Amino acid sequence: MGTMKTFMLLAAMTALFMAIGFVVGGTIGVMVAFGIAACMNVFSYWNADKIVLKMQGAKEVTDQDRSAMIRTFVGDTKALAEAAGLPEPKIYVMDTPQPNAFATGRNPKHSAVAATTGLLNMLTREEAAGVMAHELAHVQNRDTLTMTITATFAGAIGMLASFAMFFGRGRNNILVNLAIMIFAPMAAGLVQMAISRSREYEADKRGAEICGNPYWLASALAKIDRGARSTVNRRAEENPAMAHMYIMNPLAGRRGDKLFSTHPATGNRIEALHKLAAEMGVPAPEGAAPARRAAGPWG
């Protein structure tokens, strides 16, 4: 998805937000909604990354984190950032068994990447490098700001749509207000997911180029997909509007959350990475997966 199409989708989400404002308060409602939307964009630009990290329970890695696994993870992530020509991001870890990761920040100079303990324990060093390269690709492509603002708008549209039922103009028309309450958040979610799916493909491609081996990320995606389906991410469940920011849908652990997909099919992503590996001249690993770890996740 090109930058222009992403901009158009964000514009559509803003228009939807203002339309709900009209239902709630007429012309004045539109003006108020427009003002709120403008304030949300400004607020999201400067603060949403901090809010996202806090809501997901992410804790910044410090010099006091002495485990060999964490030190290696941090060192590899910084080396990947240097290889990509990016400033060093802040590095966070989330204490949850579900393997997953995401990136946030308004620009490369103010970026952060976060990985779960489940991901660090499950993946090999090479696979984790592939995942972090993917997240750094989001930073380099400036997807992090787009996805953060999208998450903010999606949550606000859901909240504003619920007001339409109780405070909307023409409150006697309950069916219209009820339809807005149901379908407006759904429409916002569809736009949010359309943005997310396309940005994931782009980040997969650039991430594979950053780490130099598409098979590392392909193998990681297969493992993360299995882990995400069998493990519930409590923090993500509490804040589903943030799901599209992760490398894999963190809501996959509950059946009820599979009505819409925030991410491309994992099989399609892996297939695209295998094709990219062939184009790059990277030889396929022996067996069905890249080299297995020997002793421990960073063996």
When you look at Thr62, is it modelled with pLDDT under 95 and either acidic (Asp, Glu) or crowded, with 21+ Cβ neighbours inside 10 Å (or both), yes or no? no
Where in region 56-109 are there strands (runs of 3 or more DSSP E), lying wholly inside it, with at least 1 residues that are of a type outside the set (Ser, Thr, Tyr) and farther than 21 Å from Arg142 by Cα? 58-60, 90-94
Verdict on Leu136 being modelled with pLDDT under 95 and of a type in the set (A, V, I, L, M): no
What number of residues within region 222-250 are of a type in the set (A, V, I, L, M) and surrounded by fewer than 24 Cβ atoms within 10 Å (Cβ to Cβ)? 3
Take the conditions surrounded by fewer than 21 Cβ atoms within 10 Å (Cβ to Cβ), at pLDDT below 95 and not in a loop (DSSP other than H, G, I, E, B) and apply them to Thr146. Does it pass? yes
Is it the case, given these coordinates, that Pro89 is touching a Gly at 6+ places or on another chain (Cβ under 8 Å) and either more than 19 Å from Gly227 (Cβ to Cβ) or small (Gly, Ala, Ser) (or both)? yes
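The values are calculated or read from the model by the stated rules, or taken from the named source; none is laboratory data. Note that the coordinates shown come from a computational prediction; the quantities given were computed from them, not determined experimentally. Cβ atoms come from the backbone with ideal geometry, glycine included; neighbour counts cover every protein chain shown.
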